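Each remark here refers to the structure printed beneath this line.
The values are calculated or read from the model by the stated rules, or taken from the named source; none is laboratory data. Quick caveat, the model's predicted, so the values are computed rather than measured. Cβ sites come from the backbone with ideal geometry, for glycine too, and all protein chains shown count toward neighbours. All accessible areas refer to the heavy atoms of the entire protein, side chains included, with ligands and DNA or RNA removed. Shrake-Rupley method; radii C 1.70, N 1.55, O 1.52, S 1.80 Å.
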Amino acid sequence: MGLGWPQAWLLGLPTAVVYGSLALFTSILHNVFLLYYVDTFVSVYKINKVAFWVGETVFLLWNSLNDPLFGWLSDRQFLSSQPWSGARLSSRAVVLARVRALGRHGPLLALSFLAFWVPWAPAGLQFLLCLCLYDGFLTLVDLHHHALLADLALSAHDRTHLNFYCSLFSAAGSLSVFASYAFWNKEDFSSFRAFCVALAAGSGLGFLGATQLLRRRVEVAGKDPGCSTLAMDGGLYGEELLVGSEEVGSITLGQYLRQLARHQNFLWFVGMDLVQVFHCHFNSNFFPLFLEHLLSDHISLSTGSFLLGVSYVAPHLNNLYFLPLCQRWGVYAVVRGLFLLKLGLSLLMLVAGPDHPGLLCFFIASNRVFTEGTCKLLTLVVTDLVDEDLVLNHRKQAASALLFGMVALVTKPGQTFAPLLGTWLLCFYTGHDLFQQPPMTPVGSAQPWPEPPAPAPAQAPTLRQGCFYLLVLVPITCALLQLFTWSQFTLHGRRLHMVKAQRQNLAQVQTLDIKTV
């Protein structure tokens, strides 16, 4: 009996489209979470200040540690050639394991998202448990999704192709931010709660459907003796690796960390990425502040809210242009160009001064968009580091999720440094303490307590000047640091081609070994 047309159509979708759709099912939840979770617990559930900061402190620790923890639990068996009871482990088996993990953890992420919007425990306890549960499942989904990028494709062209669809679907998922404004009402929470239920249902079912499609693709490719790749439609890479062919002791966490400490390109990359994460979150944290103190006399509140919403969507759309450039010129050259663009625009804004509202509006928006867009391109660089780690340490299988987790461990402190350093610099320069005199912000922003009266008019010019210098000097400093660290990164050009060729040769040699056993 033939397949019905909907099922046949779904099975005919390109693998890159199915892989990219997983980003949609994550982003429709995560953007809404970022905008509203603080306001919900502070304004609706009336959490007290001590419980709020205790929850955020525990969340900070958990958020930093769970990436390497889950990466280690997922990939520690790939670090050595320890016998697996005589079983052979193929790259296809690794991909299937990651797809099954996404099929389990994706729906659980949707359920943990729902737990925010229904009061079921004392506010402080619910806040702590919801944050840790949600971030745990989000980390598991992100790690396996990013690891699949390295495991499904080897060439830069194929990985860029996969990332293109991730950006496309992430942009579509960001539209949930605009839709949320129609339902957000702190006085009558039922409409927003129903909206979140619909988002969670769509996300959970989407994860189940997409992972089922991916799993069928991989299983069919494995049963076809004439098929050497995981997917014929996108040139995706399928290698057969033998794990357990040699009697070698397993690698401990300490040994793995020492290997990373000798991996020079990894060290230069995480140094650059730490600054990038800091700058991304600095822009997010201070976006409303810059709009109010630099542009409030020139734009309306609705325009400011619209700019905030656009800033979530535009980075993904922007990447649809930059990813083809990556295919042509390489990720290294495009990222370096973005750093130079950031430096050039910041210097231009510094020279122009704060009295050009049109230029200010463009700079504030473009600074956030280009910075967020760069963060998304760096996923491709981590996949190249996965390849280099495999070649340098002669691994039997790429430890993709673990390397992504170690990158996150080093770079996530930038999320904390951004608000701390930004508020300290503003206070140092202007004497204005944001914790004592928080500014007015649009609906959905993360200001947790009511605003006291605005500062006296005599303080306003100094505060405006301080915001302007913070706006331009932070990206100038970040760009200079990143240009230096990025100039030390050598995994591009001939070296990158050499690493790719060595991994390809390793896969071919080990495939021949399997056939001769």
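Overview of values
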{"quantity": "Region 12-159 - accessible surface per residue (Å², probe 1.4 Å)", "calculated": "35 Å²"}
{"quantity": "Rounded if a/c under 1.5, otherwise prolate or oblate - region 349-395, Cα gyration tensor axes", "calculated": "prolate"}
{"quantity": "Euclidean distance between Cα centres, region 405-422 to region 184-204, Å", "calculated": "31 Å"}
{"quantity": "Accessible surface ranking that places the most exposed of VAL94, VAL58 first, with a 1.4 angstrom probe", "calculated": "VAL58, VAL94"}
{"quantity": "Linear extension gain, ASN185 paired with LYS46, 0.36 nm per residue minus alpha-carbon span", "calculated": "48.5 nm"}
{"quantity": "Packing rank of 351-358, 169-176, 63-70, where each peptide gets the mean count of other beta carbons within 10 Å, highest leading", "calculated": "169-176, 63-70, 351-358"}
{"quantity": "Gain in span if fully extended, THR57 to ALA97, counting 0.36 nm per residue against the direct Cα distance", "calculated": "11.1 nm"}
{"quantity": "Estimated FRET transfer efficiency (ALA201, VAL351; beta-carbon r; R0 56 Å; 0.05)", "calculated": "0.60"}
